[in-house]
Amino acid sequence: MVIVMQPGAPKADIDAVIAKVEELGFTPHPIFGVEKTVVAVIGEGAYDAADMFESLPSVDRAVPIGQPYKLAGSDVKPEKTVVTVGDVPIGGERLAVIAGPCAIESREQFLETAKLVKSHGVRIVRGSAFKPRTSPHDFQGLGLKGLELLKEVKEELGLYLVNEIMEPGQLDAMVGVVDMLQIGARNMQNFALLSAVGKSGLPVLLKRGIASTIDDFLKAAEYIMVTGNHNVVLCERGIRTFETATRFTLDLSMVPVVRRLSHLPILVDPSHAAGQHDYVPPLAKAAVAVGADGLFVETHFRPDQALCDGPQALSPTEFAELMEALPAFAEAAGRTI
Ligand code: PEP
Ligand code: MN
């Protein structure tokens, strides 16, 4: 159920609604919009309790929602959410670019690549310490040592950091180092992990599972949001189809669909979708044109030496060319960068 308050409802009336929701044994999730406040109500039986709220002061209406996206849905919050990482907004008029290597491999590699992305105006850098690899024989990341190096470099350069978390036990080591937690495609439906990252309170970058529908994806976002943490950024990264010419198939049609269904920001990762560096710039431009709120791109100061995802990493020159080309696409899409 969703309780829509009248515009300008006094705080006391909102508090009274929240208190009643709790009294009935449900969980309230107030969403403070620009014009009005909406209280999403979660709990078994909430669907049938709408009548009990309509007569309360300042309640405009109480709507039983059969729709599954009680927190992420655009019906509960028509205006778009802006998630802030450090002081960088994701989801506003300005496109966000997150870039960096797939993994941190050494201090020098991360420092040089982070300097490169910073020199093009990027403020949030990626480069994971823990790597979920398809094969156990491949480089698994530097782990805790990687986190130490990441902390040093991010402080030296004044950047914000997004990093993948693979299990709840890694959380303590990551809090205080990373500014945003990444849930990788392979863990999109790891519900215990979604709940743990939600409870951390940190912003979360949620990547779409390789065989997940948009419906699965938004329900995974609900798992994070139900903990009270609404700082969720969605990321399309390609899905598995019969096509083998690219590593995955970038589902750009999901961008307008998600923008209709949800208020959450949506980034596009053309790197993992393409799997090959020369396809990344055209897909990145298309993502901006189709309405994405930003990009998530892999780059490496020496792609030929990368220990992970080298073939899809943009070289310094390619990255520079992409960053120079993007403003025109952003402008055409009514955005800035
Ligand atoms: C990554 O971002 O490096 C990554 C592993 O992505 P995905 O989970 O989308 O495969
Ligand atoms: Mn990668």
For Lys70, the residues 5 or more places away or on another chain with a placed amide H closer than 5 Å to its own amide H are none
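Using the Cβ atoms and a cut-off under 11 Å, what net charge is assigned to the surroundings of Gly33, where Lys and Arg are +1 and Asp and Glu are -1? Intermediate values should be presented prior to the final figure.
Details: positive: Lys36, Lys77, Lys80; negative: Glu35, Glu79.
Taking every Cβ under 11 Å from that of Gly33, the sum is +1.
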Share (percent) of C-alpha pair distances in the stretch 2-63 greater than 14 Å works out to 47 percent
About the Cα centre, and with charges only on the beta carbon of Lys, Arg (+1) and Asp, Glu (-1), how big is the dipole of the chain? Nearest 20 debye, please. 260 debye
Per the rule of 0.36 nm per residue minus the C-alpha distance, extending Glu35 to Asp215 adds in nm 62.0 nm
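Assigning unit charges at the beta carbon (Lys, Arg +1; Asp, Glu -1) and nothing else, what dipole magnitude in debye, to the nearest 20, does the stretch 2-63 show about its Cα centre? Mind dumping the intermediate values first?
Numbers: 4 positive and 10 negative charges, 43 e Å.
Dipole of the stretch 2-63, to the nearest 20 debye: 200 debye.
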Distance in nm between pseudo-label sites at Val257 and Asp13 (7 Å out along the Cβ direction from Cα): 3.9 nm
Can you pull out the cysteines in the chain that have no other Cys Cβ under 4.7 Å? Cys235
What is the local net charge at Gln140, summed over the other residues whose Cβ is closer than 10 Å to its Cβ (Lys, Arg +1; Asp, Glu -1)? +1
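Expressed as a whole percentage, what fraction of the accessible surface of the stretch 2-63 belongs to carbon and sulfur atoms when a 1.4 Å probe is rolled over the protein heavy atoms?
Values: 1720 of 3330 Å².
In the stretch 2-63, the share of accessible area belonging to carbon and sulfur is 52 percent.
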Within the stretch 241-283, what residues put their amide N at less than 12 Å from the label point 7 Å along the Cα-to-Cβ vector of Ala289? 282-283
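Please list the equivalent ellipsoid semi-axes of the stretch 164-239, computed as the square roots of five times the alpha-carbon gyration tensor eigenvalues, in descending order and whole angstrom. Write down the numbers at each step before the final one.
Numbers: eigenvalues 71, 31, 21 Å².
Semi-axes, largest first: 19, 13, 10 Å.
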With every protein chain left in place and a probe of 1.4 Å, what is the accessible surface of Asp216, to the nearest 10 Å²? 50 Å²
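Roughly how many Å² is the accessible area per residue of the stretch 259-337, as a whole number, for a 1.4 Å probe?
Numbers: 2970 Å² over 79 residues.
Per-residue accessible area for the stretch 259-337 comes out at 38 Å².
What fraction of the Cα pairs in the stretch 84-165, stated in percent, has a spacing above 19 angstrom? The partial results should precede the final answer.
Values: 1198 of 3321 pairs.
Considering the stretch 84-165, 36 percent of its Cα-Cα pairs are separated by more than 19 Å.
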To the nearest 10 square angstrom, how much accessible area does His277 have with a 1.4 angstrom probe? 60 Å²
Run the quick spin-label model on Leu144 and Ser195: label points 7 Å from Cα toward the beta carbon, then report their separation in nm to one decimal. 2.6 nm
Roughly speaking, what is the centre-to-centre gap between the stretch 36-65 and the stretch 267-299 when only Cα atoms are used, to the nearest Å? 40 Å
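In square nanometres, what is the average projected area of the Cα convex hull of the stretch 186-337? Before the final figure, lay out each step's value.
Working: hull surface 37.6 nm².
Answer in nm², one decimal: 9.4.
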So what is the calculated 222 nm ellipticity per residue for the chain, using -39500 (n - 2.57) for each DSSP H run with n of 4 or more, over all residues, to the nearest 500 deg cm²/dmol? -9500 deg cm²/dmol
What do you get for Rg/Rh of the chain when both radii come from the Cα atoms and Rh is the Kirkwood radius? 1.00
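Could you tell me the calculated FRET efficiency between Ala332 and Leu56, based on Cβ-Cβ distance and R0 = 35 angstrom, to the nearest 0.05? Intermediate results must be reported in sequence, preceding the final value.
On the way: r = 47 Å, r/R0 = 1.34.
The computed FRET efficiency comes out at 0.15.
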Could you list log10 I(q)/I(0) for the stretch 6-133 at q = 0.14, 0.18 Å⁻¹, which the Debye formula gives when each Cα is one point scatterer? -0.74, -0.93
Could you give the spread of the C-alpha atoms of the stretch 258-337 along their three principal axes, from largest to smallest, in whole angstroms? 41, 25, 15
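The values are calculated or read from the model by the stated rules, or taken from the named source; none is laboratory data. Just so it is clear, the structure is predicted and the values come from calculations on it, not from any experiment. A quick note on method: Cβ atoms are made from the backbone with ideal geometry, for glycine too, and the neighbour counts reach across all protein chains shown. Heads up: the accessible areas ignore ligands, DNA and RNA and are worked out on the full protein's heavy atoms, side chains in. Shrake-Rupley method; radii C 1.70, N 1.55, O 1.52, S 1.80 Å.
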